[in-house]
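Worksheet: one structure, shown below.
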Amino acid sequence: MSTTPKEEDISRFLAQYPTCSRDTASDFLTVYGNDLEEAIEKYKASEKYLIPVPPFEDDISPSNSSNEHDTRVRTNSLESSQAEDEGIDEYSSWMPKLPTLPVPDRSIASDPPDPYVFELRELLGAIRAGYFDADRIRRYLGYYDKNDLYTQLNETIDGYPAIFYVISTNDIGILREWLKHGGDPNATWGTSAIPAIGFSILHGGQTMLQASKTLATLLRFGADPRVIPKAFYDPYCRDLPEGGPILEELYDINDTNKEWCTEEVREHLTEVLTLSQRYDLYRSSKVMPHSGREKEVLNRQGAGEVLGLHQMIVAQSIATRWLQRKLLVYLALQKKKPFILVFAGPSGHGKTELAKRFGDLMSLELHVVDCTIFKQDNELFGPRPPYTGHEDGSQLNNFLVRQAGQRCIVFMDEFEKTSKDIHNTLLLPFQDGRYEDRRNGKIIDCSKTIWILATNKLDDSIHGFCNANEKTIFHSEDQDAQDKLVEKLCRQLRKEFTGHFGAPLSGRITEIIPFLIFSPQEAAVIAHRTLMDLESEVIQHVRLALNKEEDVYVGNINIRIKNDATVCSAITRDEYDKKTGARSINQAVERMVQDPLVSQYLKDGDEFDENQPITSFVVDVDVDGEVEVRLVT
């Protein structure tokens, strides 16, 4: 029997992983005896090792030489989805070197487990082999007693905390489920007590975005940022000195929880810690601890993850804090009426993003209404009988019916574009939580619906407030002083909202949440997030498909941002527009980084090849302080 893979199997493999090269797909099928299912499973587990990240020749150092070794190991680990964490682990005695775990039978991910027998080693082996995704691990852990899981998930395997193995997979979904079911984000390893967040930063990820999300997830579930010396992230928007902060800045280095952070470790932290990660550490360190009662209310109502809402978006610390506070009061009182919020603020400043992240953390279905396309009541909610089409309802009508009696979110974007007709229809569901199904006239319970009305109508007052209170809002850590100012702003916004939308509607609003403009430092972080998205996009494999619509021309590219705080500040210095927010920053990154990068990349080669070598770029600032994109040859 021939061992040459069939074209049909290669095509099916590439359908599952379109960014994989044809040669790699063929190799996997050959290694695993043309067993398509097994080859795909093994590729999934090994994929994080297959995208090479070469060193930059213009910045040679001992640590970069080690990174070169790390690249070769990760690029050539085809044979085993259980490849050891080599590279940095191999040359650094202080870095945990996780052992290879045996790979169990794949049925572990599909067959219901014995709820009385928990095999941690087997489970971790299966996770590292790629047998589990977030949904499967959630179902698997759901078979076990919640009270027992905390102990079971936090045992050690061969001397290493279980969560270290999970972090090493770079799978954010699995890490989230592990933490939700009781995994300890503050677990430590070794005599110097290397913390989980320290391991996650040093371990890194396939991309900056992946590494950033891993750290943010740990922080969101309660990892203590103070195990990292404060000088590494406060202030966050600066380029760290070569070799790390100077000793005069490291006033907390002798704390017992920082014994792991030796001079050698600090040097490597400086190299790998990105602006986004410094921002996440900074922001987490400023959050006031929540009381036991607050945590219990949220946990019992299935909203425990909302405590980490501040880690989900850039800026809007005040908006997230007010949203958490209002939600706590609403849930604690067990009110049998809708929760109605107004997100007020200029375009591009996080209203939609916060609504989506809020829904994600509460595990709620979210329905987005684009209010610019609905002028009449029957357009948004559907016609009543006997009008034509009443039996079909509308998207919003059918969503409310499907979610009857359950908590869900309706996000109405650009609410100021709606009509008086629509406002009047919303009065009854806003007041009593009752809604009439337009298809049959049946009364539906929507008392648990969370309504979020996003509007730009109050922008002038918000801009004026930010200009008048810049020092307290952007440069003070006094939350009480900030809240007093914002309460005064909200009183003004309520009056304006009433003037624009009428007393009947405004009288049913639970709270107005103001979204403020970005500080210069926050704008820089948003630029960095956009650069991380760009890196994730261009690192994918080049692919020439049978269907040219599926071609990937721009790929096999590695980006390094030198002096990321300086670069991102330079991008936003003159480009951030307070009226359009993040959109103006995204456009600036496209003009100043993406376009010159792609232009140089296209000029660099004669043809596209799925196995073409990596093209490396450095993003930096020139002597005039302008952003430059440099091809590394």
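The values are calculated or read from the model by the stated rules, or taken from the named source; none is laboratory data. Just so you know, these numbers come straight off a predicted model, no measurement behind them. Cβ atoms come from the backbone with ideal geometry, glycine included; neighbour counts cover every protein chain shown.
Quick one: would you say Leu240 is in a loop (DSSP other than H, G, I, E, B), aliphatic (A, V, I, L, M) and not assigned by TED's automatic domain parsing to the domain that holds Cys568? Yes, satisfied. For first residues located in the stretch 321-347 and free of Cβ contacts under 8 Å to residues at least 24 places away in the same chain and assigned to a loop (DSSP other than H, G, I, E, B), partners that are among the acidic types (Asp, Glu) and surrounded by 15 or more Cβ atoms within 10 Å (Cβ to Cβ) and lie 6+ apart or on another chain with Cβ distances below 9 Å do not occur. Residues in the stretch 97-155 that are exposed (fewer than 15 other Cβ atoms within 10 Å of the Cβ), touching a helix residue (DSSP H, G or I) at 6+ places or on another chain (Cβ under 7 Å) and under 15 Å from Lys42 (Cα atoms): 1 in all.
Comparison of Leu153, Leu179, Leu149 shows that the only residue that is under 20 Å from Leu218 (Cα atoms), in contact with a Gly (Cβ under 8 Å, 6 or more places away or on another chain), in the same structural domain as Gly205 (by TED's automatic domain parsing) and at pLDDT 95 or above is Leu153. Within the span defined as the stretch 289-299, every residue fails to be in a helix (DSSP H, G or I), closer than 23 Å to Ala211 by Cβ and touching a residue at least 24 places away in the same chain (Cβ under 8 Å). Looking only at the stretch 227-249, residues that are free of Cβ contacts under 8 Å to residues at least 24 places away in the same chain and exposed (fewer than 14 other Cβ atoms within 10 Å of the Cβ) come to 3 in all. Scan the stretch 607-630 and give yes if some residue there is part of a helix (DSSP H, G or I) and surrounded by 21 or more Cβ atoms within 10 Å (Cβ to Cβ), otherwise no. Scanning the stretch 607-630, I find no residue that is part of a helix (DSSP H, G or I) and surrounded by 21 or more Cβ atoms within 10 Å (Cβ to Cβ), so the answer is no. Look at (1) of a type outside the set (Lys, Arg); (2) surrounded by fewer than 22 Cβ atoms within 10 Å (Cβ to Cβ); (3) assigned by TED's automatic domain parsing to the domain that holds Lys335 and you find that Ser536 fails only one, number (3). Restricting the search to the stretch 139-181, which residues are in a helix (DSSP H, G or I) and free of Cβ contacts under 8 Å to residues at least 40 places away in the same chain? Selection gives Arg139, Tyr140, Lys146, Asn147, Asp148, Leu149, Tyr150, Thr151, Gln152, Leu153, Ile163. Tell me, yes or no, whether the stretch 89-106 has at least one residue that is closer than 19 Å to His181 by Cα and either out of contact with any Phe, Trp or Tyr (no Cβ under 8 Å at 6 or more places or on another chain) or part of a loop (DSSP other than H, G, I, E, B) (or both). Among the residues of the stretch 89-106, not one is closer than 19 Å to His181 by Cα and either out of contact with any Phe, Trp or Tyr (no Cβ under 8 Å at 6 or more places or on another chain) or part of a loop (DSSP other than H, G, I, E, B) (or both), which makes the answer no.
At least 2 residues being in contact with a strand residue (DSSP E or B) (Cβ under 9 Å, 6 or more places away or on another chain) and in contact (Cβ under 8 Å) with a residue 60 or more places away in the chain is the threshold, and among the helices (runs of 4 or more DSSP H) wholly inside the stretch 358-448 those reaching it are 420-432.
Checking Ile452, Ile473 one by one, the residue that is of a type in the set (Val, Ile, Thr), surrounded by 16 or more Cβ atoms within 10 Å (Cβ to Cβ) and modelled with pLDDT under 95 is Ile473 and no other.
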